[in-house]
Amino acid sequence: MKIYTKTGDAGETGLFGGGRVPKDDERVDAYGEVDELNATLGLARSFGLPQELDGLLQRLQDQLFTVGAVMATPLDTKAAAHIPQLKPEWSEAMEKAIDAFEGELPKMTHFILPGGSQASSALHLARTVCRRAERRVVSLLREGKVPGEVGVFLNRLSDLLFVMARVANHRAGVADVKWIPEKPGK
């Protein structure tokens, strides 16, 4: 099978289940953001995270593929019945992971700037890409083009990535980068 099909050369792409849309369609833009998010998780994993964090990111990457498939499939097509669906347990598992990770972290006394270790920085980057993907999904949610679970999943994932970035620093013995604003008038 060849990787190139030439069917997108005129600026359109096919949705799963049929139909073609412009490549700048809001649906394509949104699932493209999810694809970028998945790539940033792969980047974060390349920095040698502790096994627990790496395994969690691998599961999240698999789940993000499902998110992308759901987003690429119009709800009113026969194909929608043949793709995996998001599971509410995924968001619940993220909440449990957040709670467990926060239990090992020092209390936050300042806003945290992205940075510290390479792994933490990559997780912060993934968090910002996740927030952008979430913003792109909002109009699709409002229009009923994707299930509500997509928004919940991305919202929870961005929170988890923030906490994981802090954990990556903590376990590496690297302090979080605190935001200490300059006093007004200085």
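Bear in mind that the values in this text are calculations on the coordinates, not laboratory data. From a predicted model like this one, the values you see are computed outputs, not experimental measurements. Ideal geometry is used to build each Cβ from the backbone, glycine not excepted, and the neighbour counts take in all protein chains shown.
Laid out as a table, the results:
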{"item": "Prolate/oblate/rounded call for segment 21-101, Cα gyration tensor, a/c under 1.5 rounded", "result": "oblate"}
{"item": "Prolate/oblate/rounded call for the chain, Cα gyration tensor, a/c under 1.5 rounded", "result": "prolate"}
{"item": "Farthest positive-ward along the chain dipole, Cα basis, beta-carbon charges - from V152, A126, G115", "result": "G115"}
{"item": "Most mobile of L123, L141, L41 in a GNM of the chain (Cα contacts under 10 Å)", "result": "L141"}
{"item": "Gain in span if fully extended, L75 to W179, counting 0.36 nm per residue against the direct Cα distance", "result": "33.1 nm"}
{"item": "Selection from I83, P106, L64 lying farthest towards where the dipole of the chain points positive, charges on Cβ", "result": "P106"}
{"item": "Count of Lys pairs (Cα-Cα under 18 Å; at least 8 positions apart or interchain) in the chain", "result": "7"}
{"item": "Inter-centroid distance (Cα atoms) of segment 28-42 relative to segment 91-149, Å", "result": "14"}
{"item": "GNM result for the chain, Cα springs below 10 Å: residue of E52, E134, E149 fluctuating most strongly", "result": "E52"}
{"item": "Between helix 118-142 and the chain: long-axis angle, C-alpha atoms, 0 to 90°, nearest 10", "result": "40"}
{"item": "Distance-filtered residues of segment 124-138 - backbone nitrogen under 14 Å, label point 7 angstrom along S46 Cα→Cβ", "result": "126"}
{"item": "Distant-in-sequence amide H partners of I112 (H built 1.01 Å from N, under 5 Å)", "result": "W179"}
{"item": "Ranked F101, F111, criterion: other C-beta atoms within 10 Å, fewest first", "result": "F111, F101"}
{"item": "From phi via Karplus (6.51, -1.76, 1.60), per-residue ³J(HN,Hα) for segment 89-104 in Hz, x at Gly/Pro", "result": "4, 5, 5, 5, 5, 5, 4, 5, 5, 4, 4, 5, 5, 4, x, 9"}
{"item": "Segment 20-178: relative contact order as a whole-number percent, Cα under 8 Å and 6+ apart", "result": "32"}
{"item": "Exposure proxy ranking, count of Cβ atoms within 10 Å, fewest first, for R156, R59, R132", "result": "R59, R132, R156"}
{"item": "Cβ-placed point charges (K, R +1; D, E -1), dipole of segment 20-178 about Cα centre in debye, nearest 20", "result": "220"}
{"item": "Fewest-first sequence of D99, D159 by Cβ atoms within 10 Å of each Cβ", "result": "D99, D159"}
{"item": "Karplus 3J(HN,Hα) series, Hz, for segment 30-40 with 6.51 cos²θ - 1.76 cosθ + 1.60 (x for Gly, Pro)", "result": "5, 6, x, 5, 5, 5, 4, 4, 4, 5, 5"}
